[in-house]
C-alpha cells in the first residue's frame, strides 16, 4: 500500500507544513475542513487559513526545533469558511524531511453529539407518546373550561370581564401548544426522492420574509453546482423554516442578518455507533448574528421541551433533530455571541434514483 493512499484515507484533516510555515500538502479531509482545493492553498501560510484559539506558534516552533511531537487538546479551531470547532491537535515532525511538520486536526463536535444521539431519539419517541396522551386527555376539558368562562362573562359586570378573558386566552394558548405537540407526534416517515435543496431554501426564505422574518435581512450564499439531495422536500422545508424562525425570534426586534449558505464537503462521513456509516456531502448552514444560545442549554437544545425563550415550546429544534435523523442526515450547532450556526448535512441522491428522476422528467 502506498504512502499517498494512507495519507488520503485518514479520516481527519491532515496538513504538511514546510519550514516556513506554509502548507506543503493536505489530504481530502483537509480540503473539506478548509472548504478549498489543495491547489488553491498550497504555499499559503498555514496560520492565515487555520485559526487556533491558543498561543500555539511558540510551542510549534519548539516541537520543530527539538524534533518532538506536540499534542493540544480541547482548543477551538476555525477557518475563514467555518465557525470554530473544539478540536484536538496532533503535531509531529515528518521523518526524513527536516523542518516539515504534520498537523492533524480531530474535531470533537461529532463525537460529542453522537454520544447524545441515542438518548435524544429516545426522548423524541417518549415525547411522541406523551403528545397523543396530552391531546386526548387535555383538549376536551379545556374546551369546556373556555366555554364555561364565556358563559360566565355574559352575566358579569365589566370590571370582572378581565378575569374571564384571561381564562379564555390562556386556554387557547394551551390548545395551541397541544396542537404543536400533536404535529410533532404525527410526523410521518420521509418520502425519500431527489430534491433540489436550493428550491427548498428559496421557498423557506420567501415564506420567512413574508411572515416571522419580515424584520430580518436574509442573504444567500449558495453553491450553484451542488448536486441533488436525497430526502423529503416538504419535511426539509419544515426544518429550514424552523431554523429561520428560531434565528428570527432570537434577533434584536429591530432586525438582524441571517445567511443561508450551501456547499459541498465530500469528506464528510457520519459513522454511527453500530458501525454503519454514510456519506453526507451536502451542507446547508443557517447563520445569524444574534446573541447566541444561553450556555446553560446549548448542549441540550435538540431535546424536546428545552427552550431559551420565555414562552418557547422547546419543540422546534427537537423536530429538526427528528426529521434529520429520519433522513439519515445530521444537524450540528456552533454558537457564540454574534454568530450562531446550525449546519445540516444531507446525503446526495443515489445514482439510480437520479437516473430514474431524469428519465421521468424527459418523458
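The values are calculated or read from the model by the stated rules, or taken from the named source; none is laboratory data. The model shown is predicted, which means the values in this text are computed figures rather than measured ones. Glycine also receives a Cβ, built like all others from the backbone with ideal geometry; neighbour counts cover every protein chain displayed.
A few points about this structure:
- Residue within region 85-103 that is more than 18 Å from residue 335 (Cα to Cα), outside the structural domain of residue 288 (by TED's automatic domain parsing), at pLDDT below 80 and in contact with a helix residue (DSSP H, G or I) (Cβ under 7 Å, 6 or more places away or on another chain) present: no
- Conditions (1) at pLDDT below 65; (2) exposed (fewer than 15 other Cβ atoms within 10 Å of the Cβ); number of the one not met by residue 135: (2)
- Among residues of region 231-255 being under 12 Å from residue 290 (Cβ atoms), surrounded by fewer than 20 Cβ atoms within 10 Å (Cβ to Cβ) and in contact (Cβ under 8 Å) with a residue 40 or more places away in the chain, the one that is farthest from the chain's Cα centre (by Cα) is 255.
- Taking region 205-228 as the range and being within 11 Å of residue 257 (Cα to Cα) and crowded, with 16+ Cβ neighbours inside 10 Å as the test, the residues that pass are 213, 216, 218.
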